[in-house]
1. Can you tell me how many residues within region 114-137 are out of contact with any helix residue (DSSP H, G or I) (no Cβ under 6 Å at 6 or more places or on another chain) and open to solvent by 40 Å² or more (accessible area, probe 1.4 Å)?
2. Criterion first (within 19 Å of residue 90 (Cα to Cα) and over 14 Å from the mean Cα position of the chain (by Cα)) does residue 149 satisfy it?
3. Please go through region 18-29 and give me each residue that is open to solvent by 70 Å² or more (accessible area, probe 1.4 Å) and assigned to a strand (DSSP E or B), ordered by number.
4. Can you name the residue in region 97-113 that is closer than 30 Å to residue 12 by Cβ and not β-branched (Val, Ile, Thr) and, of all such residues, is most open to solvent (accessible area, probe 1.4 Å)?
5. Of all residues in region 156-172 being in a helix (DSSP H, G or I) and open to solvent by 20 Å² or more (accessible area, probe 1.4 Å), which is farthest from residue 99 (Cα to Cα)?
6. As an exercise: evaluate residue 87 against (1) touching a helix residue (DSSP H, G or I) at 6+ places or on another chain (Cβ under 7 Å); (2) surrounded by 13 or more Cβ atoms within 10 Å (Cβ to Cβ) and give the number of the one condition it does not meet.
7. Cβ-Cβ under 8 Å, sequence separation 6+ or interchain: first residue in region 135-150 and of a type in the set (Phe, Trp, Tyr), partner surrounded by fewer than 13 Cβ atoms within 10 Å (Cβ to Cβ). Which pairs?
Amino acid sequence: PRLGRRYDQPPPHARPAAVLILLYLHEGRWHLPLTLRPAHLPDHAGQVSLPGGALEPGETGRQAALREFHEELGAADRQIELLGGLSPVYVHASNFRIEPWVGSSGRRPEMVPNAAEVEKLFEVPLEHLLDPANFGTHERHYQGHPYTAPHFLWQGYRIWGATCMILGELATLLDELKANQSV
């Protein structure tokens with residue numbers, strides 16, 4: 001919702017954060033982990049998100065994305081190759097400026113979710129996000145004003161907000177790559 005907000009530039013006091021989209025092969029298909037945030041967390045409680053969080057002093061977004069991934073999912077056994085970053089996303093509700101990073105691993109990492117930060121782990125096949133049948137919208141309210149929010153669906157959960165925007169960009173890039181390869 002607009003409601004007087006500007007989305008072209010985050011404010012200078014925005015809190016820097018980073019997330020990791022880890023693509024890994026499992027049972028012959030590419031997957032990525034998403035997490036359900038516990039209800040007790042101060043920001044985005046109960047939402048489906050990518051592993052990530054705030055940058056620590058002196059840390060780059062790249063470093064934070066990897067550190068947070070390991071802290072949340074305990075997947076230190078697997079070497080991750082970072083492929084690059086996606087467009088930063090500003091989240092007005094929590095004042096985070098999120099740097100999304102994409103990484104890959106040839107095999108599924110052994111993931112042991114940190115119960116303090118992860119209520120549930122979802123391992124979503126990439127093809128699920130690329131299927132338009134799994135994309136929709138729902139109505140939300142902000143300060144008494146209704147608006148339509150896009151979302152992906154996974155096992156009855158709505159993946160919306162910044163996570164939806166980031167995954168939407170990834171899906172668009174993969175569709176463009178596929179189209180360019182078939183030319």
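1. 12
2. Against the criterion (within 19 Å of residue 90 (Cα to Cα) and over 14 Å from the mean Cα position of the chain (by Cα)), residue 149 qualifies.
3. Passing the criteria: only 29.
4. 97
5. Looking at the filtered set, the residue picked out is 172.
6. For residue 87, the failing item is (2).
7. Going by the 8 Å Cβ cut-off, the qualifying pairs are 142/3; 147/139; 147/141.
Yes/no matrix, rows are residues, columns are (1) modelled with pLDDT of 90 or more; (2) buried (at least 17 other Cβ atoms within 10 Å of the Cβ); (3) more than 18 Å from residue 157 (Cβ to Cβ); (4) of a type in the set (D, E, K, R):
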site: 16; (1), (2), (3), (4): yes, yes, yes, no
site: 31; (1), (2), (3), (4): yes, yes, no, no
site: 41; (1), (2), (3), (4): no, no, no, no
site: 45; (1), (2), (3), (4): no, no, no, no
site: 55; (1), (2), (3), (4): yes, yes, yes, no
site: 65; (1), (2), (3), (4): yes, yes, yes, no
site: 70; (1), (2), (3), (4): yes, yes, yes, no
site: 75; (1), (2), (3), (4): no, yes, yes, no
site: 82; (1), (2), (3), (4): yes, no, yes, no
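The values are calculated or read from the model by the stated rules, or taken from the named source; none is laboratory data. Computed from a prediction, not measured in an experiment: that's the story for all the values here. Counting neighbours? That spans all protein chains shown, and the Cβs are built from the backbone with ideal geometry, glycine included. Side chains are part of the model used for accessible areas, which takes the heavy atoms of the whole protein and leaves out ligands, DNA and RNA. Shrake-Rupley method; radii C 1.70, N 1.55, O 1.52, S 1.80 Å.
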